[in-house]
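Single-structure report; data block below.
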Amino acid sequence: MSEHRYPLGHVLYRKLNKRFPLITRGEGCWLVDEEGKRYLDACGGAFVANLGHGVAEIGQAMAEQAGRLAYVNGTAFTHEPVEQLATEVAALSPGDLNEVYPLCSGSEAVEAAFKFARQYWVETGKPKKHKIVALTPAYHGNTLLALSASAREHYKTYYREWLVDVARVPAPYTYRCECSGRPPLCPACDGSAVEEAIVRLGPETVAAFSAEPIGGSSSGATVPPADYFRRIREICDRHQVLFVADEVLTGAGRTGTWAAISHFGVVPDLMTLGKGLGGGYAPISALVAPGRLVDVLANGSGALLHAQTYSHHPVLCAGALAAVRYVQRHKLIERCAAMGQVLHRKLQALRGLPSVGDVRGRGLLAGVEFVADPETRAPFPRGRGFAERFTALALEEGLVVWPNVGQADGTNGDLVMLAPPFTISEEEISELVRRFSRALERAVAAGKAGAAEKAVEAV
Ligand SMILES: Cc1ncc(COP(=O)(O)O)c(C=O)c1O
């Protein structure tokens, strides 16, 4: 067995200074490496493997489609998989979100949503409307417009000159806002910070406001106050700003409903899907828009100006169609809601453990925020790399989690995310919590040892 790390071999890995286990197969919630070590995939890869690993029928549907028709140019032809997938997604999506534009990644869907908003306003005779308002913390992707809208400063380090200005508003991040999500709500939590930004920019210049309905990794599965999005809807309507719900991470059932925005009883103007839409079997995303907006483009320039070779791809659409039908046939969104309650109940055992500041989320999406001092909520200094160390130790314990950093103040802050497949069992959830607790114990002990070493060095 050879080692898998740069510069051995020819892969330009996503990390250039670590050794990668080579995974040979996946079964349900488990990954198995070439040495036979089993990992509990507690974050579905990257919030992707909603159906679990190794569901052969999805791959079969894709193989059959590739054998019949692998690709056609989406400007010249349509085909059954895209027609059927769009029908299914439209039926599942809230309100009048009925028109589906498939792409490949979440970032592409976000770019398409912003471009759609801009094009819509130009074609309705309001060409001054081009500005975007977004939250901090938030993540909307890594291509340049999506990155501009993201509040992930360390991703922007080398690219600032290429990014566009996006107005930032504090997110309803209840663990760290002024009101902790309790009345009287602070401007971040009651939506007034969004209105203030729109008014400051001039509503006649604002095209779109974007938000993740339930925080993704950036705010560690933060659930906004119950009325937040109703207020956002009302503000966006009053100022003629399109509300983009970025459901790349939360959509396709992850929080126990097809779209997380449905928990808030609100219909956005545009919605993006990605990640779980293809369950990891197909790299597919989608922009979902209502006919009332698409009609403007249809009667204007006649097309969304966001052409990409692999949009509307037959094999990817066949994979997503098989995944969506599988989820429905096995009632996996209902299962996600039910097992989500089990997950959150069992995760309560982590509260009170050293360095655990908060545990939160909805459905099978959870965030655990680590702090240096649970009383003051002071984060660890970034240099300690707590989230990274925890994640590495969790991997040693055979538990895959998703770390994120910087949410406390843009630089400091450590959290990890959990988002297991919807098929996870109660026993597997207990195993997840056991492995999590062991990794935490080791991370805290290693932190103390590190601190002691530093103290010795200082002497
Ligand atoms: C909310 C949200 N939007 C967009 C994206 C970008 O998706 P992708 O990495 O598939 O481009 C992500 C990825 O994590 C996300 O969480």
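Can you confirm whether residue 103 is within 22 Å of residue 243 (Cβ to Cβ), open to solvent by less than 40 Å² (accessible area, probe 1.4 Å), more than 16 Å from the ligand (Cβ to nearest atom) and of a type in the set (A, V, I, L, M)?
no
What pairs come up if the first residue lies in segment 29-47 and is within 21 Å of residue 139 (Cα to Cα), the second is of a type in the set (Gly, Ala, Ser) and open to solvent by 30 Å² or more (accessible area, probe 1.4 Å), and their beta carbons are under 9 Å apart, counting only those six or more places apart or on different chains?
44/280; 45/280; 46/280
Quick test for you: out of 411, 391, pick the one residue that is in a loop (DSSP other than H, G, I, E, B) and not small (Gly, Ala, Ser).
Only one candidate passes the filter, namely 411.
For the list (1) out of contact with any Leu (no Cβ under 6 Å at 6 or more places or on another chain); (2) open to solvent by less than 40 Å² (accessible area, probe 1.4 Å), I need the number of the one condition that residue 369 fails.
(1)
Let's see how each residue does on (1) within 16 Å of the ligand (Cβ to nearest atom); (2) closer than 19 Å to residue 365 by Cα; (3) modelled with pLDDT of 95 or more:
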| position | (1), (2), (3) |
| --- | --- |
| 274 | yes, yes, yes |
| 294 | no, no, yes |
| 303 | no, no, yes |
| 308 | yes, no, yes |
| 312 | no, no, yes |
| 315 | no, no, yes |
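Among the listed residues 322, 366, 307, 338, identify the single one that is within 23 Å of residue 180 (Cα to Cα) and of a type in the set (A, V, I, L, M, F, W, C).
On inspection, the qualifying residue turns out to be 366.
Could you tell me whether residue 427 is open to solvent by 20 Å² or more (accessible area, probe 1.4 Å), within 30 Å of residue 327 (Cα to Cα), assigned to a helix (DSSP H, G or I) and of a type outside the set (A, V, I, L, M)?
yes
Looking at (1) touching a residue at least 12 places away in the same chain (Cβ under 8 Å); (2) more than 28 Å from residue 315 (Cβ to Cβ); (3) part of a loop (DSSP other than H, G, I, E, B), which is the only condition residue 8 fails?
For residue 8, the failing item is (1).
For residue 149, state whether it is within 14 Å of the ligand (Cβ to nearest atom) and touching a His at 6+ places or on another chain (Cβ under 7 Å).
yes
Might you let me know whether segment 114-125 holds any residue that is in contact with a Phe, Trp or Tyr (Cβ under 6 Å, 6 or more places away or on another chain) and crowded, with 16+ Cβ neighbours inside 10 Å?
Checked segment 114-125: no residue is in contact with a Phe, Trp or Tyr (Cβ under 6 Å, 6 or more places away or on another chain) and crowded, with 16+ Cβ neighbours inside 10 Å.
Among the helices (runs of 4 or more DSSP H) contained in segment 13-98, which hold 2 or more residues that are away from the ligand (no atom under 16 Å from the Cβ) and surrounded by fewer than 16 Cβ atoms within 10 Å (Cβ to Cβ)?
The helices (runs of 4 or more DSSP H) meeting that bar are 56-68, 80-92.
Output the residues belonging to segment 112-146 that are assigned to a helix (DSSP H, G or I) and near the ligand (Cβ under 9 Å from one of its atoms).
Residue satisfying the conditions is 146 alone.
Looking at (1) small (Gly, Ala, Ser); (2) part of a loop (DSSP other than H, G, I, E, B); (3) open to solvent by 10 Å² or more (accessible area, probe 1.4 Å), which is the one condition that is false for residue 262?
With respect to (1) small (Gly, Ala, Ser); (2) part of a loop (DSSP other than H, G, I, E, B); (3) open to solvent by 10 Å² or more (accessible area, probe 1.4 Å), residue 262 is out only on (2).
Check 125, 67, 95 and return the single one that is on the phi > 0 side of the Ramachandran plot and either over 23 Å from the mean Cα position of the chain (by Cα) or modelled with pLDDT under 95 (or both).
125
Answer yes or no: is there a residue in segment 342-354 that is in contact with a helix residue (DSSP H, G or I) (Cβ under 8 Å, 6 or more places away or on another chain), at pLDDT 95 or above and charged (D, E, K, R).
Yes, that holds for at least one residue.
Just for segment 240-249: of the residues that are part of a loop (DSSP other than H, G, I, E, B) and away from the ligand (no atom under 16 Å from the Cβ), which one is nearest to residue 363 (Cα to Cα)?
Looking at the filtered set, the residue picked out is 241.
The values are calculated or read from the model by the stated rules, or taken from the named source; none is laboratory data. Note that this is a predicted model, so its numbers are computed, not measured. As a convention, Cβ positions derive from the backbone with ideal geometry for all residues, glycine included, and neighbour counts pool all protein chains shown. To get the accessible areas, we keep the full protein, side chains included, count just its heavy atoms, and leave off ligands, DNA and RNA. Shrake-Rupley method; radii C 1.70, N 1.55, O 1.52, S 1.80 Å.
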